[in-house]
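Asker: Structure incoming, see below.
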Amino acid sequence: MRSKSAACPSLGTVLCVILAFCLTNSRAHGNSSENSISLTVQNDGGNKSSPLLYGIMFEEMDHSDGGIHGQLLQNNGFQGTSLNITSYAAVGNATISQDSTKPVSKAIKSSLRVEVPKGVTDYVGFANTGYNGIPVTGATYNSSFWMMGEYSGTINLQLVGSKSGIKYADHNLTVKSTKSKFTEFKTRFNTTYSPDGYNEWHLTFDGSKVDGGSLNFGYIQLFPPTFKGRENGLRDDLASFLDEIHPAFLRFPGGNNLEGLQVDSRWKWNTTIGPVVDRPGRESDWFYPNTDAIGLDEYLWWCEDMGMAPLLAVWAGKSYGDIISGPDLKPFIKDIMNEMEYLFGDTTTHFGRMRARNGRKKPWKVDLIEIGNEDDLTHGCETYPDRFNQIYKAIHHKYPHITIVASNGDSKCLPSPLPKDVIIDLHLYRKPDDFVKLFNQFDNQPRNQSVMVGEFGCRNSSSAEGEYWPYMQGSCSEAVYMIGMERNSDIVKMASYAPMLQHFDFVSWSPTLYGFNNTPDSITPSTSYYVQKMFMTNKGDTILPVQSSADFGPLYWVASKIHSKYYLKLANYGTDPQTVKVSIPGTKSGRLEMLAGPQYQGDTPYHAQIQTVTTSVFNPQGNFSIHMEPWAIAVLTVS
Ligand code: AHR
């Protein structure tokens with residue numbers, strides 16, 4: 001391979017460090033322990049590869065509320081049962097309390113009462129400190145609140161440094177509020193950039209006008225710019241970062257969070273639609289309230305905005321507390337069919353009309369429905385065949401075009417026979433060596449049973465919850481496993497790394513694909529993010545046979561092509577470097593993407609010290625020589 005080295009000055013310090021690491025290491029290893037392997041990519045033969053192979057899975061966990069969803073104020077509707085007045089504080093000479101005698105709506109069952117002592121002449125009110133702070137980027141922000149009580153005059157909104165007192169936004173609006181009902185006020189204002197995330201939102205009013213009385217406020221909201229400018233949308237920076245990996249599908253809304261700790265706290269589709277003030281939220285499976293401001297429609301807008309196929313999971317009778325099966329499941333099946341009508345019905349149907357009222361006239365395009373989540377676990381196995389059959393029959397009868405996914409792959413927990421064309425969903429969280437042992441898991445599977453690996457990720461922690469972020473060996477093991485899936489992507493139709501996103505200050509599960517908190521530039525990809533990106537953005541539609549001079553291990557590979565473009569993915573799961581001599585007849589130029597770093601090093605919150613490095617390649621005979629460091633992952637793209 002003749003590769004043009006990446007030029008350090010234009011790539012920045014991080015890249016230079018990585019390049020320096022690679023160069024130093026290749027010199028240090030010299031040729032003594034460098035192994036050599038030849039790979040010749042065939043031009044034809046091989047399997048068709050699933051166009052949906054690589055996607056993402058999202059469930060609300062690790063506080064993605066206030067993350068992927070753009071709304072920045074925490075506990076904004078007093079939803080759930082665990083927060084009380086978390087994240088609120090009085091501003092000036094006022095007293096605040098949660099007031100359940102004045103609900104904002106049927107769903108939002110309380111509001112914030114702000115009492116003003118007699119004789120106050122200043123502006124007083126309350127603060128919300130967000131999800132451990134508020135990012136203020138200098139962009140225009142949207143804000144809204146509901147208000148009840150006699151008041152006619154100015155409301156002042158500010159974004160203020162909690163420690164510094166510096167004002168990053170200072171905005172007045174005029175309101176007229178009455179004591180008979182809650183009224184919503186919406187506004188937008190410019191901000192100036194805050195160098196840290198220690199900021200809070202203040203709402204104050206003229207205390208002299210309330211003198212000895214009180215006002216109530218509820219369902220407050222603050223949005224930075226959203227992805228594609230959507231109202232109630234995703235946070236633009238976090239969503240754009242995700243969009244860069246080009247996922248083919250989105251599996252939602254869980255995961256455990258679909259199931260509910262009890263039947264009644266399951267994810268209920270019909271309480272996640274319509275105006276956000278009519279969504280009650282719920283105490284989630286991850287032990288904090290979900291606002292459900294990302295609801296069924298928002299998930300589907302998200303899919304459309306990123307060009308992803310939706311894979312919607314429906315509740316299938318299993319919660320952590322109780323399981324509903326047999327005839328008792330009937331009302332829940334009716335509810336699923338209502339959900340289907342909401343998705344697909346035209347505007348002459350009850351639920352189709354409701355969807356149109358909520359902003360989506362055209363039916364949604366959903367071709368994949370998963371029945372439940374992990375029904376081989378948490379006492380679900382025995383009843384799943386019955387629950388699956390009942391739900392499958394109802395959906396398949398009315399919507400035969402939908403492909404159904406079963407929530408596990410254990411034959412003891414599945415109906416026998418499984419209806420034709422059902423995809424089974426496997427979840428794998430493994431230590432690095434164990435992932436690599438599963439490299440050939442799909443090689444000898446029957447070709448008539450389609451598979452989805454709906455959750456996978458390397459976990460190697462001494463504690464049950466996992467504490468560490470991805471590191472090179474672990475990410476390399478994921479790459480090896482993905483190479484195994486891609487080689488078999490005639491039957492492995494879909495795969496998604498999980499979990500997706502983590503707020504660094506509220507971690508319930510680690511590792512994740514990427515993370516953030518409210519400090520500027522905090523969005524940090526993990527080494528696994530880079531692996532996902534390299535694999536998702538470089539894939540053909542046909543897997544090609546490869547002739548090799550050695551067996552798999554420690555080097556693993558898969559080749560694919562689309563039109564005249566060829567992709568070769570490589571992973572070196574070992575302690576020695578490898579020279580890979582590649583021949584792809586008929587090609588001559590392209591690029592090499594390489595992710596390399598020490599075995600136990602990864603990207604750490606705020607420091608993406610290991611990143612993909614891209615170089616150009618050229619050889620008129622289609623012969624390329626690739627140096628693979630230990631634990632390196634590479635993709636060669638040539639045509
Ligand atoms: O991804 C975290 C959890 O792991 C998911 O909620 C669940 O499906 C799996 O057990």
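Asker: Among the listed residues 91, 124, 114, 136, identify the single one that is touching a helix residue (DSSP H, G or I) at 6+ places or on another chain (Cβ under 8 Å), surrounded by 19 or more Cβ atoms within 10 Å (Cβ to Cβ) and among the aliphatic types (A, V, I, L, M).
Answerer: Numbers: 91 fails: touching a helix residue (DSSP H, G or I) at 6+ places or on another chain (Cβ under 8 Å); 114 fails: touching a helix residue (DSSP H, G or I) at 6+ places or on another chain (Cβ under 8 Å); 136 fails: touching a helix residue (DSSP H, G or I) at 6+ places or on another chain (Cβ under 8 Å).
That would be 124, the only listed residue that is touching a helix residue (DSSP H, G or I) at 6+ places or on another chain (Cβ under 8 Å), surrounded by 19 or more Cβ atoms within 10 Å (Cβ to Cβ) and among the aliphatic types (A, V, I, L, M).
Asker: Consider region 39-81. How many of its residues are outside any loop (DSSP other than H, G, I, E, B), away from the ligand (no atom under 15 Å from the Cβ) and within 21 Å of the chain's Cα centre (by Cα)? It would help to see each step written out before you state the result.
Answerer: So in region 39-81, the residues outside any loop (DSSP other than H, G, I, E, B) come out as 39-41, 48, 54-57, 69.
Now drop any that are not away from the ligand (no atom under 15 Å from the Cβ), which leaves 39-41, 48, 54, 69.
Subset that is within 21 Å of the chain's Cα centre (by Cα): 54, 69.
Qualifying residue count for the region: 2.
Asker: Return yes when residue 260 is more than 16 Å from the ligand (Cβ to nearest atom), touching a residue at least 60 places away in the same chain (Cβ under 8 Å) and surrounded by 23 or more Cβ atoms within 10 Å (Cβ to Cβ) and no when it is not.
Answerer: For residue 260, the condition - more than 16 Å from the ligand (Cβ to nearest atom), touching a residue at least 60 places away in the same chain (Cβ under 8 Å) and surrounded by 23 or more Cβ atoms within 10 Å (Cβ to Cβ) - is not met.
Asker: Now, a different point. Mind counting the residues in region 264-281 that are surrounded by fewer than 19 Cβ atoms within 10 Å (Cβ to Cβ) and either more than 25 Å from residue 355 (Cα to Cα) or within 12 Å of the ligand (Cβ to nearest atom) (or both)?
Answerer: Qualifying residue count for the region: 0.
To keep it simple, each residue is scored yes or no on (1) assigned by TED's automatic domain parsing to the domain that holds residue 60; (2) crowded, with 21+ Cβ neighbours inside 10 Å; (3) touching a residue at least 60 places away in the same chain (Cβ under 8 Å).
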| position | (1), (2), (3) |
| --- | --- |
| 531 | yes, yes, yes |
| 548 | no, no, yes |
| 554 | no, no, no |
| 560 | no, yes, yes |
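Asker: A further question on this structure: Residues that are outside the structural domain of residue 522 (by TED's automatic domain parsing) and at pLDDT 95 or above: list the strands (runs of 3 or more DSSP E) wholly contained in region 163-263 that include at least 2 such residues.
Answerer: Hits in region 163-263: 167-177, 183-190, 199-206, 214-223.
Asker: State whether one or more residues within region 376-389 are under 28 Å from the mean Cα position of the chain (by Cα), more than 16 Å from the ligand (Cβ to nearest atom) and in a strand (DSSP E or B).
Answerer: No, because not a single residue in region 376-389 is under 28 Å from the mean Cα position of the chain (by Cα), more than 16 Å from the ligand (Cβ to nearest atom) and in a strand (DSSP E or B).
Asker: A follow-up question, please. Which residues, taken from region 394-422, are more than 16 Å from the ligand (Cβ to nearest atom) and β-branched (Val, Ile, Thr)?
Answerer: Narrowing region 394-422 to residues more than 16 Å from the ligand (Cβ to nearest atom): 394-404, 411-412, 414-422.
Matches in region 394-422: 395, 402, 403, 404, 422.
Asker: Same structure again: Being part of a strand (DSSP E or B) and of a type outside the set (Ser, Thr, Tyr) is the filter here, so list the residues in region 138-160 that pass it.
Answerer: 142, 145, 146, 147, 148, 153, 155, 156, 157, 158, 159, 160
The values are calculated or read from the model by the stated rules, or taken from the named source; none is laboratory data. If you're wondering where the values come from, they're calculated on a predicted model, not measured in any experiment. No Cβ is skipped: glycine too gets one built from the backbone with ideal geometry, and neighbour counts run over all protein chains shown.
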